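What follows is a single structure, written as structure tokens, with notes after it.
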Amino acid sequence: RRQRQMCIRDRPDSAAALVRDVEAVDDSTVVVTLADSADAPRVLADAALAIEHPEARIPVLPGAGPYHPAALPPGARSAPGDTDVMVFRATLGDASVVAIEVAPGSDARDLLDGGADLVVSDQPAALQYAATQPWLRIAPLAWSLTYVLALPGRARNDSAADPRTTAAPNDAAALRAALADAVHAAARGAAGPFWWDSTSNGVGGDGGASTAMQTDRGSPSPAPSPATERRVIYYDRSDVVARDLAERLVALAATGRGATETSASLASVAPELLAASPLRAVGLAPPELARALASGNAVGYVLALPSRALVPRIRIAALRAAAPWLGATNGMGRALVPLVDTRASLIARRPRGGAVPVMARWDGTLHLDPPALPAEQTP
């Protein structure tokens, strides 16, 4: 009971504020009392409230599903370098074992040729390769990430004209489509509604969602005083899509307002990027990016956000915690400019004996079901 309570209550305030109490009734029953009954039951499906193994190097969710974490089988190799391996064994019976390898930066084609049964990838080269192999199948997953350009200057000057209303109607769509063509991933121009924007989503955004958080946690912190703004766009250097977007935005800004139709669209949607002084794209490691985002002293930041939020207030409060300067806005929508949506695809070997059934959730998360047990093993 103590461990389960800590797993939830040690979350960031954005998630912990949703749960009033957790009680372990018996060995198989946990009663969760939510702070707001209007959130039930969808709040329980949000990954922010998942139970994680406290000592795992990478998130492991030991819930009541068909698989549970297990040790590497005898003789199994450990992954080299930055690759992590997780092993899960079927909860009922011991015949079915799934090994999940997390291999950032790897070429998915090498993983397929190395014998992987399932590969989740957004690499165009891997998808093109898989399409030519008769022993592989491809299943696109849900659009799960939306990349945005966060602009602190708008957050600090929310009395200025909102480019969402002053820009030409087609400029945002044109810019998004051009950026989707510039990234090395399966991408499309960002398509709303966006959960952080109260003008495009009556349920999400600031409207009403932040009010409940303020009741428990006080008013949002005021935006820090503007420091000398750096003419840079920061991004996560391990994120290829974020890098492609940041570099493309810098290149468009350098061409000037009317050099091309795309640069003209950028001038309409994000005029902050066009100025006399040059603009740079700078990749940072995640800890450095977190500190830079909190300071808000750059022209912009390219961020990857979940495309959908079951309970927007969780994500909104987490954004405000990461970027305190967002707390001064009347709506996050003016400070967060949607760019592109991305999604991965599932590449699978064609069914063989003992194949594991796979189901994709609404957010692209995969669920594996173990093969059916023989009748004598069925409980």
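The values are calculated or read from the model by the stated rules, or taken from the named source; none is laboratory data. Computed from a predicted model, the values in this text were never measured in an experiment. All Cβ positions, even for glycine, are placed from backbone atoms using ideal geometry, and neighbour counts span all protein chains on display.
For this structure, a couple of remarks:
- Complete set of residues in segment 301-351 that are charged (D, E, K, R) and either farther than 30 Å from A130 by Cα or part of a helix (DSSP H, G or I) (or both): R313, R315, R320, R334
- Screening A139 against (1) surrounded by 16 or more Cβ atoms within 10 Å (Cβ to Cβ); (2) part of a strand (DSSP E or B); (3) modelled with pLDDT of 85 or more leaves a single unmet condition, (1).
- E261 more than 24 Å from W195 (Cβ to Cβ), touching a strand residue (DSSP E or B) at 6+ places or on another chain (Cβ under 8 Å) and of a type in the set (D, E): no
- Looking across segment 176-212, the residues that are surrounded by 21 or more Cβ atoms within 10 Å (Cβ to Cβ), modelled with pLDDT under 50 and assigned to a helix (DSSP H, G or I) come down to A209, S210.
- Hits in segment 249-281 (condition: among the hydrophobic types (A, V, I, L, M, F, W, C) and buried (at least 17 other Cβ atoms within 10 Å of the Cβ)): L249, V250, L252, A253, A264, L266, A267, V269, A270, L273, L279, A281
- The one condition from (1) at pLDDT below 90; (2) within 21 Å of F194 (Cβ to Cβ); (3) among the hydroxyl-bearing types (S, T, Y); (4) not in a helix (DSSP H, G or I) that S159 does not meet is (2).
- Within segment 283-301, the set of residues being surrounded by fewer than 17 Cβ atoms within 10 Å (Cβ to Cβ) and either under 15 Å from D236 (Cβ atoms) or of a type in the set (D, E) (or both) comprises A285, P286, P287, E288, A290, R291, A294.
- Restricting R343, R334, R349 to those that are modelled with pLDDT of 70 or more, under 19 Å from D239 (Cα atoms) and surrounded by 13 or more Cβ atoms within 10 Å (Cβ to Cβ) reduces the list to R343.
- Test result for E272, assigned to a helix (DSSP H, G or I), in contact (Cβ under 8 Å) with a residue 24 or more places away in the chain, within 26 Å of R320 (Cα to Cα) and of a type in the set (D, E): yes
- Of the listed requirements (1) under 23 Å from A190 (Cα atoms); (2) free of Cβ contacts under 8 Å to residues at least 40 places away in the same chain, T262 misses just one: (2).
- Residue match in segment 250-263 (condition: within 29 Å of S121 (Cα to Cα), under 23 Å from the mean Cα position of the chain (by Cα) and either assigned to a helix (DSSP H, G or I) or at pLDDT 95 or above (or both)): no
- Count of segment 275-295 residues, restricted to those that are assigned to a loop (DSSP other than H, G, I, E, B) and either modelled with pLDDT of 95 or more or touching a strand residue (DSSP E or B) at 6+ places or on another chain (Cβ under 9 Å) (or both), is 5.
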